[in-house]
Amino acid sequence: MTKTSTLAAAAATLFLAAACSSTPGTPSPAPSNAGSVPSGTAPTSSDTTPGVPKVSAPLNAAKYEQDPCSLLTKEQAGQFIGGLRTSSKDSNSPACTWNGENGDSIGVTFIPNQGGLATIYKNGRNGGSAYFEPAEVAGYPAAYVDVSDDRKTIGCQISVGITDGEVFAVSNNLQTSSPLYGKPCPAVLKAAELVVAKLKDGA
C-alpha cells in the first residue's frame, strides 16, 4: 500500500469501524478502498448522536474532491514535511498525500455521505478509537481522533466537519529526523486551518 493509500485509509478507518466491526471497539481491517462504506451501513447526516456540534456555515468541497492536491500549495505543504518532494492523488478516495524530502508525509481526505461528525463522535465515544478529543478549526467543529495513538511520536489526525454529513481529515506520518517529531498535532491543526481557508475561498 502506498503512503497515499495508507493516510487515506487511516482517515476512513473510524467510519469502517462502525460499519464493519462485529464487536464494539474492535474495528475490522480497512479494505484497500477504505474511502467507501457498503450502502446502508453508514449513519446519515440526520444521525441523532447527542452532543454533536452542528456546522453553522457549510462549505462545498465538490471542486476539491475532484482535485484534492490543489488544497495546499507547494510552499504550504512543504512547511509540514521539510520541503515538498511529491504530491499524489489517491485513486480510491478524494484524498491527496504530500511527501517530503526526508520521508515525512501529510494527507487530506474528504469523507462525504458517511455521517459526518456524528460518526466521528459515535466511534470516538464507543471505544472504536485510541483517542478522541473535540476541537475547533477556524470556527468549524472538529475532533482529534484515530484508531492508534501516535501523538507523542510520528503522527496525529484531526477530522473537521464542513457540513453536517461530511468531514475532511488531516493526518501526518513523520520520520524521527523531522523537526516536528514528537509534536505532530500542531502541524495537522495548521494544515486543517489552511484547508478550511481554501474551501472558503473556493466557495
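The values are calculated or read from the model by the stated rules, or taken from the named source; none is laboratory data. Predicted model, so just to flag it, every value in this text is computed and none were measured. When we count neighbours, we look across all protein chains shown, and the Cβ atoms used for this are built from the backbone with ideal geometry, even at glycine.
Residues that are of a type in the set (Gly, Ala, Ser) and free of Cβ contacts under 8 Å to residues at least 60 places away in the same chain within region 178-191 comprise just one, GLY182. Each residue in region 66-84 was checked for being buried (at least 16 other Cβ atoms within 10 Å of the Cβ) and either touching a Cys at 6+ places or on another chain (Cβ under 9 Å) or modelled with pLDDT of 95 or more (or both), and 11 of them qualify.
Each residue in region 104-114 was checked for being more than 22 Å from GLN79 (Cβ to Cβ) and more than 14 Å from the chain's Cα centre (by Cα), and 1 of them qualify. Could you please tell me which pairs satisfy a Cβ distance under 9 Å, a separation of 6+ or placement on different chains, a first residue in region 92-111 that is on the phi > 0 side of the Ramachandran plot and at pLDDT 95 or above, and a second residue that is buried (at least 21 other Cβ atoms within 10 Å of the Cβ) and assigned to a loop (DSSP other than H, G, I, E, B)? Note: pairs meeting the criteria are GLY103/LEU174; GLY103/SER178. Taken residue by residue, region 147-155 has at least one member that is within 13 Å of the chain's Cα centre (by Cα) and at pLDDT below 95. Here region 103-148 is the region considered, the condition is being farther than 11 Å from PRO53 by Cβ and of a type in the set (A, V, I, L, M), and the residue that is surrounded by the most Cβ atoms within 10 Å (Cβ to Cβ) is ILE106.
Selection over region 168-203 of residues that are assigned to a helix (DSSP H, G or I), β-branched (Val, Ile, Thr) and within 14 Å of PHE80 (Cβ to Cβ) gives a count of 2.
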